[in-house]
Structures are given as C-alpha cells and as structure tokens.
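First the structure, in the form of structure tokens, and then the observations on it.
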Amino acid sequence: MRKQFVLSLCVLSALLILSCAKSEPDPGTNKATETKPATTSTPTSTANSSTGIGVPECDDYLAKYDACISNKVPEAARAQYKGTLEQVRSSWKQLAGNPATKASLAQACKTATEQARTAMKSFQCDF
C-alpha cells in the first residue's frame with residue numbers, strides 16, 4: 001500500500017512540474033482560440049474547486065493554487081493548469097478516503113506547496 005501511495009505522489013508531483021513548465025503562452029497564437037478552451041473548462045473547475053478533501057494542508061494548497069491560476073495565470077494557459085489541479089484534487093481525495101494513506105497525505109501536500117511556491121513564482125503567486 002505504501003508503494004502505491006509513493007507512486008501516486010510521484011505522479012502528482014510530475015504532473016504539477018509539467019504543468020508549470022509552460023509558464024508563458026506562445027505570443028504568435030490567436031487569442032480568440034485561446035479563450036475558448038478556458039471558458040469551456042472553467043465551470044467544471046469552479047464546481048469542483050469549492051470541495052475540500054478533509055486534510056487542512058491539502059485544502060490550503062488547493063485553494064491557493066486555484067486562486068493563483070484563476071487570478072494570475074494568463075487566460076491562454078489557465079485551462080491546462082485547471083485540468084492539472086482537478087487531477088491532483090481527485091487523486092488526493094481518493095488518498096484522503098483511505099485511512100492508510102490519509103495520515104501521510106498532509107506531508108505530501110506540504111511538499112507540493114513548497115514545489116508550487118517555486119514553480120509558480122513567475123506568476124507572482126503566494127503559497
């Protein structure tokens with residue numbers, strides 16, 4: 001069970017790092033097409049962003065990350081970040097539902113917060 005948790009944590013960290021790698025949109029892209037995907041994914045993300053997972057450190061991270069991407073990430077890149085956030089939220093919710101993994105989830109969320117602090121620095125987000 002512990003190996004599964006560590007593997008899940010590694011996958012989540014990789015997703016966060018990959019999603020943060022593209023911090024600036026390509027200046028040559030058409031802005032009309034950029035806003036369409038963000039508009040499509042926003043209602044789903046907003047509906048899920050209000051639900052916590054029951055681990056304060058994780059709920060704090062999710063709220064701060066959501067606020068960062070909603071307010072400071074350029075519109076063109078927002079859909080990608082929101083999608084990643086929802087994947088993380090879903091995985092953490094599943095881990096929080098298992099008593100064997102819930103105890104170590106708080107530390108994983110603290111680590112994710114530190115990683116996000118560095119990764120999202122270019123957007124001037126507060127973590």
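Below are the figures for this structure:
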| quantity | calculated |
| --- | --- |
| Amide H within-cut-off set for Ile53, under 5 Å, with H built and near neighbours excluded | Asp59 |
| Computed E for Asp60/Asn98 - FRET, C-beta separation, R0 25 angstrom, nearest 0.05 | 0.75 |
| Dipole magnitude of the stretch 56-127, debye to nearest 20 (Cβ charges: Lys/Arg +1, Asp/Glu -1, about Cα centre) | 100 |
| Derived scalar couplings ³J(HN,Hα) [the stretch 58-70; Karplus, 6.51 cos²θ - 1.76 cosθ + 1.60; whole Hz; x for Gly, Pro] | 6, 4, 5, 4, 4, 5, 5, 5, 5, 4, 4, 6, 6 |
| For the stretch 56-127, alpha-carbon Rg and Dmax in angstrom | 12.5, 39 |
| Length added when fully stretched, Asn71-Lys121, from 0.36 nm per residue minus Cα-Cα | 16.6 nm |
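Laboratory data are not the source of any read-out in this text; all were calculated from the coordinates shown. Please read all numbers here as calculations on a predicted model, not as lab measurements. FYI the Cβ positions are ideal-geometry reconstructions off the backbone, even for glycines, and counts take in every protein chain you see.
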